[in-house]
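Structure first, commentary second.
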Amino acid sequence: MATWNEIESAVPEFAARVRAVLDAHKHKTIATLRADGSPRISGIEVRFDGDHLTFGSMPGARKGADLRRDPRFALHSASVDPPDGGSWAGDAKVSGRAVYVGPLDGDVPGDLFRADLDDVVLTGLNDEGTALVIETWRSRHGLRRVERA
């Protein structure tokens, strides 16, 4: 597992592109695990806070209960269709374990979590727009790139 800062230090150019995709739109989607093990998809907002990628959960929200019981999660950026013949920033995905930090600061009540990351994935197109490019950073092996025509 790694903090966002550790990923930025290890692969700064890749981390900057992932962050740009995550920051491009306010709303993302998070997958958590229900008590019976089935997946739950919820909307969420994230923030880069110092060394960490963080997110919150409103009081009584099921996603917060899911994460306190089983911290595994997967988060996906807002998804937009690639334009015909144009450039596309792509999709970003991160997964790992949510660590409960404490109550949210400020006017909005809720729980604050930080992400300990195991996988970071950026999917986009090659420069010619003819192939899908999947770049994956994993704590076990670093950054890899695959092109699929």
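The values are calculated or read from the model by the stated rules, or taken from the named source; none is laboratory data. Note that the coordinates shown come from a computational prediction; the quantities given were computed from them, not determined experimentally. FYI the Cβ positions are ideal-geometry reconstructions off the backbone, even for glycines, and counts take in every protein chain you see.
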Filter result (more than 27 Å from Gly90 (Cβ to Cβ) and not in a loop (DSSP other than H, G, I, E, B)) within region 58-78: Arg62, Gly64, Ala65, Asp66, Arg68, Arg69
Selected residue [more than 17 Å from Ile7 (Cα to Cα), modelled with pLDDT of 90 or more and among the small types (Gly, Ala, Ser)] from Ser87, Ser77: Ser77
Residue, farthest from Ala98 (Cα to Cα), within region 117-149, restricted to residues that are of a type in the set (Ser, Thr, Tyr) and part of a strand (DSSP E or B): Thr123
Of all residues making up region 102-149, the number that are surrounded by 15 or more Cβ atoms within 10 Å (Cβ to Cβ) and of a type in the set (Lys, Arg): 2
